[in-house]
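The structure under discussion appears below in the form of structure tokens.
The values are calculated or read from the model by the stated rules, or taken from the named source; none is laboratory data. All values derive from a computational prediction rather than experimental measurement. Every residue, glycine among them, receives a Cβ derived from its backbone with ideal geometry; neighbour counts consider all protein chains shown. Quick note on the areas: whole protein, heavy atoms, side chains included, nothing else; ligands and nucleic acids left out. Shrake-Rupley method; radii C 1.70, N 1.55, O 1.52, S 1.80 Å.
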Amino acid sequence: MDKNSKKDQTTNDQHDDYLLLDNNSNSNSNSNNNENENDYESNTELTTEELSAELKTTRDDLEHYRNLYDDTFNKLKYSLADFDNYRKNIEKQNTLRILSVKAEMLSTIINLREDFVRALDTLKHHKVDSSILEGLTNILKNIDIYLEKEDVKEIRALNSAFDPNFHEIIGFSYFENDMEENIITKEIRKGYLLNERVLRPSLVEVTKKIIKNIDSDNKENTKGDDD
């Protein structure tokens with residue numbers, strides 16, 4: 001065999017080796033690609049399961065916190081309602097306490113005013129300087145102005161019908177004619193209103209009809225006829 005023939009043979013052998021290597025390489029590459037695809041599919045399936053589990057956990061947590069929120073909100077709402085009721089009760093108690101103190105103070109002023117009026121009436125029947133009487137009268141006017149400013153008013157009583165909401169009976173005026181009963185004929189002590197509420201009731205006497213005993217009258221008449 002000559003040199004050229006050997007050279008061609010060597011070239012052909014090398015070409016065949018390259019083909020074998022290329023085939024093996026392609027085969028290995030295809031195998032690796034298949035394995036990678038299988039791994040990807042396996043990883044994809046695991047990731048989906050994990051996401052499904054995580055989503056379920058998230059939903060459970062969301063439901064838990066939603067229930068916790070609703071429970072906390074309801075407790076807060078009831079607490080605010082209780083606090084509002086408590087605040088209103090405290091305000092009402094404070095208002096009533098203030099009115100009670102105010103009523104007591106004004107009642108004291110009214111009592112002093114009445115004592116002042118009686119003293120002034122007594123002085124009018126004695127020889128007292130007119131300037132003194134005028135000064136005392138002005139003081140009485142100032143007291144009346146103050147009571148009016150505080151919305152203190154006298155209760156109407158004399159010659160009006162008896163009203164247990166404003167008047168208190170301490171005596172009767174008896175009559176035999178056709179006069180109407182329970183009419184106030186005398187005011188023993190004036191009554192007053194504070195903000196349209198009774199500060200103290202009026203002490204009054206009212207009319208009361210005398211009921212005659214008919215049997216006694218008949219006996220008296222019969223006895224007169226016998227005589």
(request) Can you confirm whether the stretch 53-65 contains a residue that is modelled with pLDDT of 55 or more, of a type in the set (G, A, S), farther than 30 Å from L194 by Cα and surrounded by 10 or more Cβ atoms within 10 Å (Cβ to Cβ)? (result) yes
(request) Report yes if L147 is touching a helix residue (DSSP H, G or I) at 6+ places or on another chain (Cβ under 9 Å), assigned to a helix (DSSP H, G or I), closer than 23 Å to R200 by Cα and open to solvent by 70 Å² or more (accessible area, probe 1.4 Å), otherwise no. (result) no
(request) Report, ordered by the first and then the second residue, all pairs with beta carbons closer than 9 Å, sequence separation of six or more or different chains, a first member in the stretch 135-154 that is over 18 Å from L120 (Cβ atoms), and a second member that is open to solvent by 100 Å² or more (accessible area, probe 1.4 Å) and not in a helix (DSSP H, G or I). (result) D151/E196; K153/E196
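Going by the conditions given, is R156 basic (K, R) and within 37 Å of the chain's Cα centre (by Cα)?
Against the criterion (basic (K, R) and within 37 Å of the chain's Cα centre (by Cα)), R156 qualifies.
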(message) Just to be sure I understand, how many residues within the stretch 172-185 are at pLDDT 90 or above and under 45 Å from the mean Cα position of the chain (by Cα)?
(response) 2
(message) Against the condition more than 29 Å from I155 (Cβ to Cβ) and among the basic types (K, R), how does K77 come out, does it pass?
(response) yes
(request) Select from the stretch 175-185 the residues that are open to solvent by 80 Å² or more (accessible area, probe 1.4 Å) and touching a residue at least 12 places away in the same chain (Cβ under 8 Å) and write down the one among them that is nearest to L96 (Cα to Cα). (result) E181
(request) Determine which member of the set R113, R97 is charged (D, E, K, R) and open to solvent by 70 Å² or more (accessible area, probe 1.4 Å). (result) R97
(request) Determine whether the stretch 117-124 contains at least one residue that is within 30 Å of I98 (Cβ to Cβ) and either under 42 Å from the mean Cα position of the chain (by Cα) or in a strand (DSSP E or B) (or both). (result) no
(request) For the stretch 34-48, enumerate the residues that are of a type in the set (D, E) and either at pLDDT 80 or above or loosely packed, with under 10 Cβ neighbours inside 10 Å (or both). (result) none
(request) Please go through the stretch 186-227 and pick out each residue that is at pLDDT 90 or above and either open to solvent by 70 Å² or more (accessible area, probe 1.4 Å) or not in a strand (DSSP E or B) (or both). (result) K186, I188, R189, K190, G191, R197, P201
(request) Looking only at the stretch 159-172, decide whether some residue is surrounded by 12 or more Cβ atoms within 10 Å (Cβ to Cβ) and touching a Lys or Arg at 6+ places or on another chain (Cβ under 7 Å). (result) yes
